[in-house]
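Student: Structure in structure tokens, see below.
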């Protein structure tokens, strides 16, 4: 699954959008992962991860932290969001020091992520590079909608629901932040960046 | 299968804005689901969008319907790979699994993404195109789509699956670095022959600065250099150094 890789939108906006992941490898380190997952969560919380979750339960925008932690199993996938490079650096330093042996992935704009790796003292092993969208693009949603829907790489966020939320914000029935949370709740993984989303909504609603 | 119970539906159309692929239509005062287009992503069910509870799941009674649902709903684990979402590992654990080694390029073609969905007949066209260009498709223990391919050396899918519509599915393969140009040229051709989109990822081992010179081939083909990446930072153990 490449669900965090192909985000779109304004590059400066993408520079405030990072995803962190802990992965277990089948047959190698995929048993009794909960203690390690809790260490990852502790590191993420310590540096202020704006959203995180487990696809088996959901994101912290919708479920309590206690519930998500309680339900962690060996099938869980723990991942989340940062909005600043400094958070990435500090998170990587903490995880490196713990030496947990799980795979760690950071997704984002490479001109931000690679310097963060260097500063944290970790060495990139492999990269999945995004070469963008190919094929019959005529029927894709507009760029603003895509910049929001692609923050849930599994595409659980319906484009028409994005328009609905933006209309609600325009009419003053929701704030941009409230609208962003409603959208974030569709992304079970917890990798939706609701901070960036609120910013996108605010910049694109009809005043 | 997901259906709308006509006895319960009041025709309010609220559900339409919650469909990821615009498969909910309205006629004669009631909403209904276009079964050819529905991907069984279950967003409409999970979000409990119908105030009357008219949207109902129906048992997925054949392998292809179950495959369609598992690929379209990230909450489900794929039975063979054990991975959630679309069931592939790509770069996530490459520091431990060593699936893509130095001199190789992993190819992750995310069919139907972003948001258009994909009929499996289009996934087949793409798989067959890259095989002809020299790529080797990932086997069933690594990637779900291979379960529908009797012969990985062709990329052809079983005919029975062609009309199933998935939210997305990944065509996953590998090639040598010196074959990448041919594979990309094949993709430049086949992208004109499909009715949907795909998002393309290339997985490579990188040097300590996070670079790989193989990406220079993109300039020859007029493909923009990537600005986004999913970086495996090499903290998994035991570390694969190949």
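The values are calculated or read from the model by the stated rules, or taken from the named source; none is laboratory data. These numbers come from a predicted model, not from an experiment. Cβ: placed from backbone, ideal geometry, glycine included. Neighbour counts: every protein chain shown.
Student: Identify all residues within region B:188-227 that are without any contact (Cβ under 8 Å) to a residue 24 or more places away in the chain and exposed (fewer than 14 other Cβ atoms within 10 Å of the Cβ); write none if there are none.
Tutor: If the condition is that a residue be without any contact (Cβ under 8 Å) to a residue 24 or more places away in the chain and exposed (fewer than 14 other Cβ atoms within 10 Å of the Cβ), then B:192, B:207, B:208, B:209, B:213, B:216, B:219, B:222, B:224, B:225 are the ones that fit.
Student: While we're here: Would you mention how many residues in region A:137-169 are more than 22 Å from residue A:205 (Cα to Cα) and in contact with a strand residue (DSSP E or B) (Cβ under 7 Å, 6 or more places away or on another chain)?
Tutor: Within region A:137-169, residues that are more than 22 Å from residue A:205 (Cα to Cα) and in contact with a strand residue (DSSP E or B) (Cβ under 7 Å, 6 or more places away or on another chain) number 1.
Student: Let me spell it out: the conditions are (1) within 22 Å of residue B:90 (Cα to Cα); (2) modelled with pLDDT of 95 or more; (3) not in a helix (DSSP H, G or I), and residue B:131 meets all of them except one. Which number is the exception?
Tutor: Among (1) within 22 Å of residue B:90 (Cα to Cα); (2) modelled with pLDDT of 95 or more; (3) not in a helix (DSSP H, G or I), the lone unmet condition for residue B:131 is (3).
Student: Name the residues in region B:13-60 that are in contact (Cβ under 8 Å) with a residue 60 or more places away in the chain and either in contact with a helix residue (DSSP H, G or I) (Cβ under 7 Å, 6 or more places away or on another chain) or in the same structural domain as residue B:163 (by TED's automatic domain parsing) (or both), would you?
Tutor: Selection gives B:20, B:39, B:41.
Student: Please specify each residue of region B:1-37 satisfying the condition of being within 21 Å of residue B:73 (Cβ to Cβ), touching a strand residue (DSSP E or B) at 6+ places or on another chain (Cβ under 7 Å) and within 13 Å of another protein chain (Cβ to nearest Cβ).
Tutor: B:15, B:16, B:23, B:24, B:37
Student: A further question follows. Within region A:60-78, can you find the residues that are under 22 Å from residue B:93 (Cα atoms) and either more than 12 Å from every other protein chain (Cβ to nearest Cβ) or buried (at least 22 other Cβ atoms within 10 Å of the Cβ) (or both)? Full working, then the answer.
Tutor: Step one: of region A:60-78, the residues under 22 Å from residue B:93 (Cα atoms) are A:72-78.
The answer is A:72, A:77, A:78.
Student: Need the failing condition index for residue B:233 against (1) crowded, with 18+ Cβ neighbours inside 10 Å; (2) within 25 Å of residue A:79 (Cβ to Cβ); (3) under 23 Å from the mean Cα position of the chain (by Cα), just the number.
Tutor: With (1) crowded, with 18+ Cβ neighbours inside 10 Å; (2) within 25 Å of residue A:79 (Cβ to Cβ); (3) under 23 Å from the mean Cα position of the chain (by Cα) applied to residue B:233, the lone miss is (3).
Student: Still on this structure, please answer the following. Name every residue in region B:90-120 that is out of contact with any strand residue (DSSP E or B) (no Cβ under 7 Å at 6 or more places or on another chain), at the interface with chain A (Cβ under 8 Å from one of its Cβ atoms) and under 23 Å from residue A:124 (Cα atoms), in order of residue number.
Tutor: Matches in region B:90-120: B:97 only.
Student: Go through (1) over 15 Å from the mean Cα position of the chain (by Cα); (2) farther than 28 Å from residue B:15 by Cβ one by one and return the number of the condition residue A:91 breaks.
Tutor: Unmet for residue A:91, out of (1) over 15 Å from the mean Cα position of the chain (by Cα); (2) farther than 28 Å from residue B:15 by Cβ: (1).
Student: Provide a single number: the residues in region B:225-242 that are part of a loop (DSSP other than H, G, I, E, B) and at the interface with chain A (Cβ under 7 Å from one of its Cβ atoms). Before the answer, list the steps.
Tutor: Here is the first cut: in region B:225-242, the ones part of a loop (DSSP other than H, G, I, E, B) are B:225-227, B:233-242.
Then drop every residue that is not at the interface with chain A (Cβ under 7 Å from one of its Cβ atoms), which leaves B:226-227, B:233-237.
Within region B:225-242, residues that are part of a loop (DSSP other than H, G, I, E, B) and at the interface with chain A (Cβ under 7 Å from one of its Cβ atoms) number 7.
Student: Go through region A:137-167 and count every residue that is more than 18 Å from residue B:198 (Cα to Cα), within 11 Å of chain B (Cβ to nearest Cβ) and more than 19 Å from the chain's Cα centre (by Cα).
Tutor: 6
Student: Shifting gears a bit: How about region A:115-136: which of its residues are crowded, with 18+ Cβ neighbours inside 10 Å, farther than 30 Å from residue A:202 by Cβ and more than 7 Å from chain B (Cβ to nearest Cβ)?
Tutor: Within region A:115-136, just A:120 meets the criteria.
Student: Output yes when any residue across region A:86-98 is over 24 Å from residue B:113 (Cα atoms), within 9 Å of chain B (Cβ to nearest Cβ), crowded, with 20+ Cβ neighbours inside 10 Å and in contact with a helix residue (DSSP H, G or I) (Cβ under 6 Å, 6 or more places away or on another chain), and no when none is.
Tutor: Checked against the condition, which is being over 24 Å from residue B:113 (Cα atoms), within 9 Å of chain B (Cβ to nearest Cβ), crowded, with 20+ Cβ neighbours inside 10 Å and in contact with a helix residue (DSSP H, G or I) (Cβ under 6 Å, 6 or more places away or on another chain), region A:86-98 yields at least one hit.
Student: Related question: For region B:179-187, state whether one or more residues are surrounded by 15 or more Cβ atoms within 10 Å (Cβ to Cβ), in a strand (DSSP E or B) and either touching a strand residue (DSSP E or B) at 6+ places or on another chain (Cβ under 8 Å) or in contact (Cβ under 8 Å) with a residue 60 or more places away in the chain (or both).
Tutor: No, the conditions are met nowhere in region B:179-187.
Student: Let me ask you something else. In a loop (DSSP other than H, G, I, E, B) and within 14 Å of chain A (Cβ to nearest Cβ) - does that describe any residue in region B:147-156?
Tutor: No, region B:147-156 has no match at all.
Student: Now for a different question. Assuming residue A:81 fulfils every condition listed in (1) within 14 Å of chain B (Cβ to nearest Cβ); (2) buried (at least 22 other Cβ atoms within 10 Å of the Cβ) apart from one, which condition is it?
Tutor: (1)
Student: Okay, moving on. Do we have residue A:24 as out of contact with any strand residue (DSSP E or B) (no Cβ under 7 Å at 6 or more places or on another chain), facing chain B (nearest Cβ under 10 Å) and touching a residue at least 40 places away in the same chain (Cβ under 8 Å) here?
Tutor: yes
Student: Would you check if residue B:126 is assigned by TED's automatic domain parsing to the domain that holds residue B:189, modelled with pLDDT of 90 or more and in contact with a helix residue (DSSP H, G or I) (Cβ under 6 Å, 6 or more places away or on another chain)?
Tutor: Judged against the criteria, residue B:126 is a match.
Student: Taking the residues in region B:195-210 that are farther than 25 Å from residue A:102 by Cβ and assigned to a loop (DSSP other than H, G, I, E, B) as candidates, determine which candidate is nearest to the chain's Cα centre (by Cα).
Tutor: Only one residue fits best here, namely B:196.
Student: When residue A:57 is evaluated against the numbered criteria (1) surrounded by fewer than 18 Cβ atoms within 10 Å (Cβ to Cβ); (2) within 10 Å of another protein chain (Cβ to nearest Cβ); (3) over 14 Å from residue B:235 (Cβ atoms), which criterion, by number, is the only one it fails?
Tutor: Going through the list (1) surrounded by fewer than 18 Cβ atoms within 10 Å (Cβ to Cβ); (2) within 10 Å of another protein chain (Cβ to nearest Cβ); (3) over 14 Å from residue B:235 (Cβ atoms), residue A:57 breaks only (1).
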